[in-house]
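The values are calculated or read from the model by the stated rules, or taken from the named source; none is laboratory data. Just so it is clear, the model here is predicted, and its values are computed rather than measured. Glycine gets a Cβ as well: all are built from the backbone with ideal geometry, and neighbour counts include every protein chain shown.
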Amino acid sequence: MIYPESIKINGSVFDKKILYHLKKVVDEDKSMNLWEKEIYDFILEWFSPTESVLVQTSGSTGDPKIIELNKVHMIESAKATIEFFGLEADSSIWLCLPIKYIAAKMVVVRAIVGKMNLVYSKPSEDLIQPKSSPVSITAMVQNQVNRLLKSYQGIDKLKNAGVLLIGGSSISKSLEDRINSIEGINAWHSYGMTETITHIALHRIGSNDKQGRFYPMAGIVIKNNNDNQLIIDAPSRGVEMLITNDLVNIFNDGSFDIIGRKDNIIITGGIKVIPEKVEGLISDLITSDYFIAGVEDDILGKKVSLFIEDDISDDLVSLLTNKLKNRLSKYELPKNIYKGNNFVRNKTGKVNRSKTIEICLKSS
């Protein structure tokens, strides 16, 4: 094999033979939780003779699906992260995401490739930090970070997380501002997807770049097509000219920012509206989670609509509407505002817009 055939877990080194024996013990341990058993299942899958692993996509842009990823490509992704952050052998790496998704699987792979100490805790919003040597790197989703920021104990966990990779979705301006206001959190927003084997570009939160630009990692080549869709070329990861649905601006220094998604574009009365652009224009007006989307309309084709995860009063809706009129063009202005505490999210914290819209329309 071209990678280590052992892994350090909670300070103890396990090779394949020990792991297979441990798996039998784990399977018979009625007190062990399913999420913990699944971690060992993946580790055994990784050390199996097969050249690839099966991974489930998040389902944020459609139905979740299973895809096959080559282990060599996953190793190259792990090496890139280890080298970028200068992660050292025997330092600890904290796993606190569901192991079924690529972000969590890559935490394990980094531990193996970098000969790091894997520590783990139940993947939830109420995280319990493992007792171990100082953690060098942790991957979380936005929901987990938001929850930890609500308490002093949670903030301490973020400070002790080492390099904090926040992925899975875009980061709200309010979250980035909150992180920036606290010293000692080494947070990075990552851009990537299952098909690119997690992040291919990074933005350091709290850096001099306040525009949220992503900088591609070594060996990653990007460009965009005539529709401004991002195209990714990363041969070492088995990615060749992958055309994404993300619409981007690419700058002279090689960085890029995300304008929106092609599959979210609203054509209203023949005019193209990018929801993410509108969301950015009104980010200081709404404190709850929200998004802009198109709803079918007999006259306009689709009408721009605002969905807010907050059951605000009608008076506040009227006040917000007046503020929106002063901020947005007539084409960008939401024709309807849907409110309620019913946003649908997947296990990585991403809002499933289509299912949320369906529920909101039924209940309105």
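See the values below:
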item: All positions within segment 183-231 that are among the hydrophobic types (A, V, I, L, M, F, W, C), touching an Asp or Glu at 6+ places or on another chain (Cβ under 9 Å) and over 18 Å from L165 (Cα atoms); result: I220, V221, I222, L230
item: Residues that are surrounded by fewer than 12 Cβ atoms within 10 Å (Cβ to Cβ) and modelled with pLDDT of 85 or more, drawn from segment 8-24; result: S12
item: Filter result for the condition that a residue is of a type in the set (A, V, I, L, M), touching a helix residue (DSSP H, G or I) at 6+ places or on another chain (Cβ under 7 Å), free of Cβ contacts under 8 Å to residues at least 24 places away in the same chain and assigned by TED's automatic domain parsing to the domain that holds S92, over L158, L148, L127; result: L148
item: Which listed residue is on the phi < 0 side of the Ramachandran plot, in contact with a strand residue (DSSP E or B) (Cβ under 6 Å, 6 or more places away or on another chain) and not aliphatic (A, V, I, L, M), from K303, K350, K330; result: K303
item: Test set (1) at pLDDT 90 or above; (2) out of contact with any helix residue (DSSP H, G or I) (no Cβ under 8 Å at 6 or more places or on another chain) - T194 fails condition number; result: (2)
item: Residue identified as closer than 30 Å to E183 by Cα, exposed (fewer than 13 other Cβ atoms within 10 Å of the Cβ) and of a type in the set (D, E, K, R) among D263, D284; result: D284
item: Test result for I286, in contact (Cβ under 8 Å) with a residue 24 or more places away in the chain, in contact with a strand residue (DSSP E or B) (Cβ under 7 Å, 6 or more places away or on another chain), outside the structural domain of L165 (by TED's automatic domain parsing) and part of a strand (DSSP E or B); result: no
item: Criterion violated by M241 - all others in (1) in contact (Cβ under 8 Å) with a residue 24 or more places away in the chain; (2) on the phi > 0 side of the Ramachandran plot satisfied; result: (1)
item: Tally, over segment 289-311, of residues that are assigned to a loop (DSSP other than H, G, I, E, B) and crowded, with 17+ Cβ neighbours inside 10 Å; result: 3
item: Candidate set: segment 2-38, residues that are of a type in the set (A, V, I, L, M) and touching a strand residue (DSSP E or B) at 6+ places or on another chain (Cβ under 6 Å); chosen: the one farthest from W94 (Cα to Cα); result: V13
item: Matching entry among D177, D156, D126 (being more than 25 Å from Y290 (Cβ to Cβ) and not aliphatic (A, V, I, L, M)); result: D156
item: Matching entry among E276, E332 (being within 30 Å of M217 (Cα to Cα) and touching a residue at least 12 places away in the same chain (Cβ under 8 Å)); result: E276
item: Scan of segment 1-46 for residues that are free of Cβ contacts under 8 Å to residues at least 60 places away in the same chain, within 23 Å of K131 (Cβ to Cβ) and not in a strand (DSSP E or B), ordered by number; result: I18, L19, L22, V25, V26, D29, S31, M32, L34, K37, Y40
item: Residue check, T244 touching a Leu at 6+ places or on another chain (Cβ under 9 Å), over 28 Å from S207 (Cβ atoms), of a type in the set (S, T, Y) and outside any loop (DSSP other than H, G, I, E, B); result: no
item: Test: L54 is at pLDDT 80 or above, aliphatic (A, V, I, L, M) and either farther than 19 Å from V107 by Cβ or part of a strand (DSSP E or B) (or both); result: yes
